[in-house]
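Let me begin by presenting the structure, written as C-alpha cells, before commenting on it.
Taken together, the values in this text are just the output of simple stated rules run on the coordinates, not laboratory data. Keep in mind that what you see is a predicted model, and the values were worked out from it rather than measured. We place every Cβ from the backbone using ideal geometry, glycine too, and count neighbours over all the protein chains shown.
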Amino acid sequence: MSTTDAPPRTYLGWSLAATVLCFLPLGLVALYQGYRAAQAIDAGDLDVAARRSRRARRWLIATLVVGVLVDLLLVVVLVLLGAFAT
C-alpha cells in the first residue's frame, strides 16, 4: 500500500453497535481489532492497519451472525415453552 492511499476503515462504530446489540464476547474482539487498526493508522503503518481492519471486519460479521442466531434460538425456545401463548 502506498502512502497516497486512504487509510483503511477501523469499523469502531459498527463494532461498538454490534457489541451492544448483538453478542458481547465477539463484539469485544471486533472492537479491539478496530482499536488496533486506529493505532496503526495513527502510527502511519498502513499495511498493519489494513490487516487489522480486515480482522475487525471479520469479527464484526461474526458478531452479527452469532447475535442473530442466538436471538432466533431464544425466540424459538420461548415459543416452544409457550411464552407467547394467550
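A Förster radius of 22 Å combined with the Cβ-Cβ distance from Asp42 to Leu21 puts the calculated FRET efficiency at roughly 0.20. So, counting K/R as plus one and D/E as minus one, what does the shell of residues with Cβ under 9 Å around Ala40 add up to? Cβ neighbours under 9 Å give a net charge of 0. Calculated mean residue ellipticity at 222 nm for the chain: -26500 deg cm²/dmol, from DSSP H runs with n ≥ 4 weighted as -39500 (n - 2.57), summed, divided by the residue count and rounded to 500.
Normalised by 2.2 N^0.38 Å, where N is the number of residues, the alpha-carbon radius of gyration of the chain equals 1.45. In segment 12-80, Cα pairs under 8 Å separated by at least six residues give a relative contact order of 36 percent. Seen against the Cα atoms of the chain and their longest principal axis, helix 24-43 is set at about 10 degrees. To the nearest 0.05, what FRET efficiency results for Leu28 and Leu72 with a Förster distance of 30 Å applied to their C-beta separation? The pair Leu28/Leu72 has a calculated efficiency of 0.85.
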